[in-house]
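Since the structure comes first, as structure tokens, the remarks are kept for the end.
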Amino acid sequence: MSRSSDENEPAPSASMERLAHLGVELVEWPGQTTLRSALARAGVPRLLLVDPAHEPPNPLGLGEDWVRSSATDDELVAGAEHLLERMAEYAAVAPTLGSDRVLTRAGASVALSPSEATIVTRLLEQAGSVVARDQLERLLWPDGKVPGHRSLDYVVQRLRRRIANLDICINTARGRGFVIYIDESRRESGTIKNSSRMQAARPIFEE
């Protein structure tokens, strides 16, 4: 949710300037569930502004925390700083995939389908490097009978949604394949947007 600037409005407070510098996105809950999901898939840290009439989502993703929507600017900064400190603790924690196809990272877990587990296994083996499309297709369909030219994309799309709360990001290398990132320091986060308290901030996603 972007906001047009108004020269008559007061300048952002020092706290909000600090918040913008931290690179944590403010997301209204439950009003911006689509934005929350999009930011999670992109690996962007999220501070949820929870409406007083609702409870925060359960479970929370590894890359998010929450405060009430009535929080002061200073409380927002404190919440964002605490989130980033917690994220720094698990940034180097590699996810593990068990024989039961449950992917686990820093206490959070998600069950994967056989095809999703196959893709994750290969991507994690080459984390940070592009894995070719044809290599993944051979793993999923060893007989060479790929159902359709977008079949792999559909599997990866489902996988992205499943692992978003583990703060694991799968990027597409157009025409080449896919690459998985698990280290926060290797991804560029966005800037704060969305709040009526902020006047700057170019949004990463529009709802």
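Here are a few things to note about the model shown:
- For segment 156-171, the candidate set comprises residues that are in contact (Cβ under 8 Å) with a residue 12 or more places away in the chain and assigned to a strand (DSSP E or B); within that set, the residue that is surrounded by the most Cβ atoms within 10 Å (Cβ to Cβ) is Cys169.
- Residue list for segment 138-155, filter: out of contact with any Ser or Thr (no Cβ under 8 Å at 6 or more places or on another chain) and buried (at least 16 other Cβ atoms within 10 Å of the Cβ): Leu152
- Candidates in segment 172-193 are the residues that are hydrophobic (A, V, I, L, M, F, W, C) and at pLDDT 55 or above; of these, the one that is surrounded by the fewest Cβ atoms within 10 Å (Cβ to Cβ) is Ala173.
- Qualifying residue in segment 57-77 (condition: of a type in the set (D, E, K, R), within 15 Å of Asn165 (Cα to Cα) and not assigned by TED's automatic domain parsing to the domain that holds Arg160): yes
- Scanning segment 85-144 for residues that are basic (Lys, Arg) and not assigned by TED's automatic domain parsing to the domain that holds Cys169 yields a total of 1.
- Answer from Pro52, Pro45 - the residue that is touching a helix residue (DSSP H, G or I) at 6+ places or on another chain (Cβ under 8 Å), of a type outside the set (Lys, Arg) and either surrounded by fewer than 19 Cβ atoms within 10 Å (Cβ to Cβ) or outside the structural domain of Leu159 (by TED's automatic domain parsing) (or both): Pro45
- Residues that are within 17 Å of the chain's Cα centre (by Cα) and surrounded by 16 or more Cβ atoms within 10 Å (Cβ to Cβ) were ranked within segment 57-70; the one that is farthest from Val110 (Cα to Cα) is Trp66.
- Pairing each residue of segment 45-70 that is among the β-branched types (Val, Ile, Thr) with any residue that is buried (at least 16 other Cβ atoms within 10 Å of the Cβ), provided the two are 6+ apart or on different chains, yields C-beta distances under 6 Å for Val50/Trp29; Val50/Pro56; Val50/Trp66; Val67/Gly79.
- Pairs, first closer than 13 Å to Val102 by Cα in segment 117-130, second assigned to a loop (DSSP other than H, G, I, E, B), C-beta under 6 Å, six or more apart: Ala117/Arg101
- Among residues of segment 71-97, those that are loosely packed, with under 12 Cβ neighbours inside 10 Å, closer than 20 Å to Leu39 by Cβ and touching a residue at least 24 places away in the same chain (Cβ under 8 Å), counted: 1
- Search result, residues across segment 98-120 that are outside any helix (DSSP H, G or I) and surrounded by 15 or more Cβ atoms within 10 Å (Cβ to Cβ): Arg101, Leu103, Arg105, Ala106, Ala108, Ser109, Val110, Leu112
- In summary, strands (runs of 3 or more DSSP E) completely within segment 18-70 and bearing 1 or more residues that are at pLDDT 95 or above and aromatic (Phe, Trp, Tyr) occur at 25-29, 64-68.
The values are calculated or read from the model by the stated rules, or taken from the named source; none is laboratory data. What you see is a predicted model; the values in this text were computed from it and never measured. So basically every Cβ, Gly included, is an ideal-geometry build from the backbone, and we count neighbours across all protein chains shown.
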